[in-house]
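The structure appears below as structure tokens.
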Amino acid sequence: MIFRPAESSKRIVDFYRKYLLTTFKTNKDIYNKQLAEQLSEDGVISKGPYISMSDSFAKDNSIRELIEKGLLSKELLKISGLHLDRKLYKHQVEAILKANSGHNLIITTGTGSGKTECFLLPIINKLMLEKENGTLDPGVRTLIIYPMNALVNDQIRRLREIFAEYEDLDITFGKYTGETEEKYIKARSLFLEGEGVEPKKNELISREQMRNNPPHILITNYAMLEYLLLRPDDNVFFSKDKSSKWNSIVLDEAHTYNGAKGIEVSSLIKRLKAMLGRDNIQFFLTSATLGDKNLNSKIVNFAHMLCDGRFDYTSIVRSYTIAPEKPETTAKLDFSIYRDLADRFRNNISPDKMINWLESKGINIIESGNAEKTLEKTLFHMILHDDFYYEVRSQLLNKTKPLNQLATDLGLTVDDITDFIVVVSNAQIDGDKIFEARYHMFIRGIEGIYVTLNPSNKLFVKKMETYIEHPKSNDCGFRVFQITFCHNCNSTFIIGQTDNGYLVQKSKYNDEYTPEVYLIN
């Protein structure tokens, strides 16, 4: 991390504000000025940045070690894209073992904790066991459901990376969304244009391919799943002769399936299980935000209602963290060292030169093989012996705070805090960081732009029906209208629907919505 998040988030918000001002540009200067002022108010379209901190995740066995213990298929040794010798997190190993025992899982670990591996490794392992047994014929084994296509595409790229060097093409996967082309010829052309290489044979890229030979791992979104369940041509995925092969369903970002959407997705899952004639499908739910240990019963109930499956407290997989051991003696480090180091990182100064600079400042250099690892280890030990590090821990560990509040609490500037985090993010020993720091920025869309007419001429970015200028008076106020714009001539229009002789605001999601527009002179 070599940027200032305060600056980065400001650029993001400024870009979004300019986009809105351009999109909603009117020929009414009085409205434009108010729009610019309201979009500049803190909290109207953005909140943050916030910062959170946690200790590093505890490590456990590598995939190779799990294979040697007989816990994973030996066929996995052929997939170098799995990084066989990299230590897994303890919660990832827990998920693998529970999944191998047939448990339904709720993986609720933090951002950057490797939730994907918690379900992907057990899924691939089962496919490899089938391969060992000679039963791996075409047909869906796992359905992965995402709330949006961007996440579907991320998962496809992840699978490409895993199987990039895998010579055996028996394991197949494919995404089936609105973006998926019907014919292979068109799909191949678009793939070549986007990726610059030929698709591998184990990635099915067209609908006709997947209908002819359903992939073992089918990735889609919940909206497309409904179409798949309805269309006769797609029954091949759920056919009775293949239904016994189904192993699991994954619902990633499960927290998004609440309210009406949750009811809809729950209904889809029940229909899918009925079509398969199966009630013993294994479920994997993932989310970083389902809740803490005090909400276990609610989390379990949520999973049960969503999937109509059996869940209990043992279904929940949470992360384990480990704090570095505090040395016997610590001292207050001159903070200017962090400022100077952060500046050097931003300017891509070589590790050798940074080590020499640190040595000139009296910092103890911890040799570790090469310059890059020496620098990482030296920074780790430097921070571990600095009293300021423990002040930050006391303020932020396992918490989330506005960045400016943390800076105030520590008596520093926001830039000082981000300089410190830049250095921290480059301090590690064998991949273990001294702590995990994350920035969060929240940007929200606006439903519309609303105005009152002469003589009031007020503009709002929040929906309202009536504006009363003097609430304590008997003033009945001014009616508020939603407005829209012509991007060719910048003319401004009121938009709404006539109801009993009056133009009123109506939701565009209303089935009876037939909007009318009227030019404002």
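Which number in (1) hydrophobic (A, V, I, L, M, F, W, C); (2) crowded, with 20+ Cβ neighbours inside 10 Å; (3) farther than 28 Å from Leu228 by Cβ marks the one condition that Leu306 misses?
If we test Leu306 against (1) hydrophobic (A, V, I, L, M, F, W, C); (2) crowded, with 20+ Cβ neighbours inside 10 Å; (3) farther than 28 Å from Leu228 by Cβ, just (3) comes out false.
Let me confirm something: among Ile162, Ile123, Ile144, which residue is open to solvent by less than 20 Å² (accessible area, probe 1.4 Å), of a type in the set (Val, Ile, Thr) and out of contact with any strand residue (DSSP E or B) (no Cβ under 8 Å at 6 or more places or on another chain)?
None of the others qualify; the one that does is Ile162.
Going by the conditions given, is Glu179 touching a residue at least 24 places away in the same chain (Cβ under 8 Å), in a helix (DSSP H, G or I) and of a type outside the set (S, T, N, Q)?
no
What about Phe191, is it open to solvent by 20 Å² or more (accessible area, probe 1.4 Å), at pLDDT 90 or above and hydrophobic (A, V, I, L, M, F, W, C)?
yes
Whether any residue in the range 439-448 is closer than 30 Å to Thr289 by Cβ and of a type in the set (Gly, Ala, Ser) is what I want to check.
The answer is yes, given that some residue of the range 439-448 is closer than 30 Å to Thr289 by Cβ and of a type in the set (Gly, Ala, Ser).
When residues of the range 311-356 are filtered for being charged (D, E, K, R) and not in a loop (DSSP other than H, G, I, E, B), how many remain?
Qualifying residue count, the range 311-356: 7.
Being closer than 30 Å to Asp386 by Cα and surrounded by 19 or more Cβ atoms within 10 Å (Cβ to Cβ) is the requirement here; does Ser287 meet it?
No.
Being polar (S, T, N, Q) and either over 19 Å from Thr329 (Cα atoms) or in contact (Cβ under 8 Å) with a residue 40 or more places away in the chain (or both) is the filter here, so list the residues in the range 354-390 that pass it.
Correct list: Asn356, Ser360, Ser368, Asn370, Thr374.
Kindly indicate which of Asp234, Asp241, Asp279, Asp340 is open to solvent by 50 Å² or more (accessible area, probe 1.4 Å), in contact (Cβ under 8 Å) with a residue 12 or more places away in the chain and among the acidic types (Asp, Glu).
Every option except Asp340 fails the conditions.
So, restricting to strands (runs of 3 or more DSSP E) that lie completely within the range 357-475, which ones have at least 1 residues that are over 30 Å from Gln497 (Cα atoms) and of a type outside the set (Phe, Trp, Tyr)?
Here the list reads 400-402, 436-443.
Kindly indicate whether any position in the range 488-510 is under 30 Å from Asn398 (Cβ atoms) and at pLDDT below 80.
No, that holds for no residue.
Go over the candidates Ser319, Ser315, Ser297 one by one and state the one that is closer than 22 Å to Thr256 by Cβ, modelled with pLDDT of 95 or more, of a type in the set (Gly, Ala, Ser) and open to solvent by less than 70 Å² (accessible area, probe 1.4 Å).
None of the others qualify; the one that does is Ser315.
Within the range 396-411, how many residues are in contact with a helix residue (DSSP H, G or I) (Cβ under 8 Å, 6 or more places away or on another chain) and of a type outside the set (Lys, Arg)?
Number satisfying all stated conditions: 7.
Residue by residue through the range 244-276, note down the ones that are surrounded by 17 or more Cβ atoms within 10 Å (Cβ to Cβ) and among the polar types (S, T, N, Q).
If the condition is that a residue be surrounded by 17 or more Cβ atoms within 10 Å (Cβ to Cβ) and among the polar types (S, T, N, Q), then Asn247, Ser248, Thr256 are the ones that fit.
Can you give me the ranges of the helices (runs of 4 or more DSSP H) entirely in the range 219-285 with at least 3 residues that are under 21 Å from Asn104 (Cα atoms) and either modelled with pLDDT of 90 or more or in contact with a strand residue (DSSP E or B) (Cβ under 7 Å, 6 or more places away or on another chain) (or both)?
259-276
Examine the range 104-112 for a residue that is open to solvent by 60 Å² or more (accessible area, probe 1.4 Å), without any contact (Cβ under 8 Å) to a residue 24 or more places away in the chain, polar (S, T, N, Q) and at negative phi, and state whether such a residue exists.
The answer is no; no qualifying residue exists.
When residues of the range 449-500 are filtered for being open to solvent by less than 30 Å² (accessible area, probe 1.4 Å), among the hydroxyl-bearing types (Ser, Thr, Tyr) and within 14 Å of Gln34 (Cβ to Cβ), how many remain?
Number of matching residues: 4.
The values are calculated or read from the model by the stated rules, or taken from the named source; none is laboratory data. Note that the structure is predicted; figures quoted are calculated from it, not measured. With ideal geometry, Cβ positions are generated from the backbone for all residues, glycine too; neighbour counts draw on all protein chains shown. To get the accessible areas, we keep the full protein, side chains included, count just its heavy atoms, and leave off ligands, DNA and RNA. Shrake-Rupley method; radii C 1.70, N 1.55, O 1.52, S 1.80 Å.
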